[in-house]
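Chemist: I have a structure I would like to understand better, so I am pasting it below and will then ask my questions one at a time.
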Amino acid sequence: MPNNQESRHESIWSRAFVVLLAANFFQSMAAFMANTTIPLYVDSIGASAGIIGVIVGAFAITALLVRPFAGPAFDSFSRKKLLMAAQGIIAAAFALYGFAHTVPALFAVRMLHGVGIGCAGPLAMSLVSEYLPQSRMASGVSIYMIAQSMAQVIGPATGLWLVEAVSFQATYLIAAVFLFASMASISTLREIPRQKPPYRLELGRMFAREAASHAVVLALFATAFGATTSYLVLYAAKLGIENVGAYFVVYAVCLLVTRPLFGKIADRFGAERILVPGTICFAAAYIMLGHINDLFGLIVVAVVAAAGFGSCVPLVQSLAMSSVDVGRRGAASNTTYTGMDVGFLVGPALAGLVIEVLHPITGDLLWAYSNMWYVMLAPLVAALVIIGAWNVKRTRDNKPSA
């Protein structure tokens, strides 16, 4: 059994880890191109703020529905092959986005997209965890998610530029190409042999009880972050802020620093402790959003937010993966991603509802947007309470017996 000093020097780097980093980058490129352009696409066909939120969050409906059936499959079958199939579904959805010109059609394609997302995320997370040393789980997951940060530097700005330069349809076809590149990367992966239990629809195989509180925290985080995904670009436009793509670039560049840094500190001092200041940063970014009026203010928000949602999510994921053995990481990952899906379903719709409720009070749509950010602080406060409970438990468990 390695001692603490030895375990800190275990390497996370392997060919498989690099392959999964590349696959994560390509999949994330497509996702971030969609995240920034789909609200604009829905807005371009004349949908209201509430409908935009419903369409953006619609993928979570099918993602949630597929999880009980997909969860046991993650541990019973080849995670590599299942991941490639899930990414194929996402690619098909992107190819169809450009042909959906009505709200019902967009809703249907968004739900197809959700089937792929419902499987791809937890599959990728459970697969990468197989190649990481237990003692370096927080660092490994944080570095793995740097691929998303790199895609976030390029993806949103690329999506917005492509929409202007070509069209929504061409933009989504290009996003589909990124998914095929991800599938090509994964096809070269050599899986680690593991025991695969028979496929059975049992609650314990679908979800991991040990990861339930982690899923709740991720649901609360995603509820708040869903507002950013759906309304940040529209909010900036109403403020008259141009070059909003700079927000995504700065946010992602900051993640390249904060994610590995937070992961390294978490491996040493415990992820539970690092999540407290991270969540406070997340909340501070939302308070700041209600006061900005220019691009500089938006960029400052990006810097603060990078230490919030972007850095906290991998830490919560690493805690969930460490709570079970390797054979049940598919179920644990399925549990945490279910929590995120709930948040991404509720968040955009809730934010849109808040805007529509507040707008008639003063007749000022910008005022409604500004105050919506304050309302979305509520789930972050709830998450902070749960994280506080984790820290109390950690302190109690580590307290030497008398």
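None of the figures in this text is laboratory data; all of them are computed from the coordinates on show. From a predicted model like this one, the values you see are computed outputs, not experimental measurements. Note: ideal-geometry Cβ built from the backbone for every residue, glycine included; neighbour counts use all protein chains shown.
Chemist: Hey, what angle do you get for helix 295-306 against the long axis of the chain, alpha-carbon based, 0 to 90 degrees rounded to 10?
Modeler: Here the helix axis deviates by roughly 20 degrees.
Chemist: Identify, among L261, P198, P39, the residue whose Cα sits farthest towards the positive end of the charge dipole of the chain, taking +1 on the Cβ of Lys and Arg and -1 on the Cβ of Asp and Glu, with the dipole about the Cα centre.
Modeler: Final value for the positive-end residue is P198.
Chemist: Further question: In whole Å, how far is the Cα centre of region 283-354 from that of region 120-179?
Modeler: 15 Å
Chemist: While we're on this one: I need the Kirkwood Rh of region 63-140: take the reciprocal of the average 1/r across all distinct C-alpha pairs and report it in angstrom. Please list the in-between numbers first.
Modeler: Details: mean 1/r = 0.0730 Å⁻¹.
Hydrodynamic radius (Kirkwood, Cα only) of region 63-140 equals 13.7 Å.
Chemist: Determine the dipole magnitude for the chain: charges of +1 sit on the beta-carbon of Lys and Arg, -1 on that of Asp and Glu, nothing else is charged, the reference point is the Cα centre, and the result goes in debye to the nearest 20.
Modeler: Details: 25 positive and 18 negative charges, 270 e Å.
That gives the chain a dipole magnitude of about 1300 debye.
Chemist: How long are the three semi-axes of the equivalent ellipsoid of the chain, in whole Å, if each is the root of 5 times an eigenvalue of the C-alpha gyration tensor, listed from largest down? Walk me through the numbers on the way to the answer.
Modeler: Details: eigenvalues 209, 128, 75 Å².
The answer is 32, 25, 19 Å, longest axis first.
Chemist: Moving on. Can you tell which of H214, I89, F26 lies farthest toward the positive end of the dipole of the chain, using +1 and -1 charges on the Cβ of basic and acidic side chains (Lys, Arg; Asp, Glu)?
Modeler: Result: H214, furthest along the dipole toward the positive end.
Chemist: Can you tell me which of 144-151, 260-267 comes out highest on packing, and rank the rest after it, using the mean Cβ neighbours within 10 Å?
Modeler: Numbers: 144-151: 22.5, 260-267: 20.6.
My ranking of the peptides, most packed first, is 144-151, 260-267.
Chemist: Helix 146-165 sits at what angle to the longest principal axis of the chain, using alpha carbons and giving 0 to 90 degrees rounded to 10?
Modeler: 20 degrees
Chemist: Ranking request for peptides 249-258, 29-38, 382-391: highest mean number of other beta-carbon atoms within 10 Å first, then the rest in descending order.
Modeler: Numbers: 249-258: 20.2, 29-38: 24.8, 382-391: 16.8.
Ranked from most to least packed, the peptides come out as 29-38, 249-258, 382-391.
Chemist: Contact order normalised by length for the chain, with contacts defined as Cα pairs under 8 Å and 6 or more residues apart; what percent is it?
Modeler: Numbers: 688 pairs, mean separation 111.1, N = 402.
About 28 percent, as a whole number.
Chemist: Okay, next question. If you split all Cα-Cα distances of region 273-402 into 10 Å bins from zero, what percentages do you get per bin, shortest first?
Modeler: 11, 32, 33, 16, 7, 1, 0
Chemist: Of all the C-alpha pairs in region 1-128, what % are more than 21 Å from each other? Display every interim value, and only then the final one.
Modeler: Numbers: 3960 of 8128 pairs.
Value for region 1-128 (Cα pairs over 21 Å): 49 percent.
Chemist: Something else now. Would you please report the Å³ per residue occupied by the convex hull of the alpha carbon atoms in region 31-96?
Modeler: Hull volume normalised by residue count: 91 Å³.
Chemist: Only helical DSSP H runs with n ≥ 4 go in: add -39500 (n - 2.57) per run for the chain, normalise by residue count and round the 222 nm mean residue ellipticity to 500 deg cm²/dmol. Show your work: numbers first, answer last.
Modeler: On the way: 18 runs with 323 residues, N = 402.
After summing the helix terms and dividing by the residues of the chain, the value is -27000 deg cm²/dmol.
Chemist: Once all Cα-Cα distances of region 224-316 are split into 5 Å bins that start at 0, what whole-number percent is in each one?
Modeler: Calculated over all Cα pairs of region 224-316, the distribution is 3, 15, 25, 24, 16, 10, 6, 2, 1 percent.
Chemist: What translational diffusion coefficient, in µm²/s and rounded to a whole number, does the Stokes-Einstein relation yield for region 336-379 at 4 °C and a viscosity of 1.567 mPa s, taking the hydrodynamic radius as the Kirkwood radius over Cα pairs? Working shown, then result.
Modeler: Details: Rh = 11.1 Å.
Stokes-Einstein gives a translational diffusion coefficient of 117 µm²/s.
Chemist: Report, to two decimal places, the Cα Rg of region 129-194 normalised by 2.2 N^0.38 Å (N = number of residues).
Modeler: Numbers: Rg = 16.2 Å, N = 66, 2.2 N^0.38 = 10.8 Å.
After normalising by residue count via 2.2 N^0.38 Å, the value is 1.50.
Chemist: Going toward the positive end of the dipole of the chain, with +1 on Lys and Arg Cβ and -1 on Asp and Glu Cβ, which of G363, A70, Y337 do you reach last?
Modeler: Of the options given, the answer is A70.
Chemist: Who wins for biggest fluctuation among D325, D75, D364 in a Gaussian network model of the chain, springs between alpha carbons below 10 Å?
Modeler: Looking only at D325, D75, D364, the largest GNM fluctuation is found for D364.
Chemist: Also, I was wondering about something else. Note down the nm distance, to one decimal, between modelled labels 7 Å out along Cα→Cβ at V303 and at D325.
Modeler: So the two model labels end up 4.8 nm from each other.
Chemist: So what's the angle, to the nearest 10 degrees on a 0 to 90 scale, between helix 245-269 and the longest Cα principal axis of the chain?
Modeler: With both axes taken from Cα atoms, the answer is about 20 degrees.
Chemist: Another question, if that's okay. With the contact rule set at Cα under 8 Å and sequence spacing of 6 or more, what percent relative contact order holds for region 140-285? Could the numbers behind the result be given before it?
Modeler: Details: 56 pairs, mean separation 76.7, N = 146.
Once divided by the residue count of region 140-285, the mean separation gives 53 percent.
Chemist: Let's see if you can work this out: charge +1 on each Lys and Arg Cβ, -1 on each Asp and Glu Cβ, no other charges. What is the dipole magnitude of region 150-242 about its Cα centre, in debye to the nearest 20?
Modeler: Working: 7 positive and 5 negative charges, 100 e Å.
About 480 debye.
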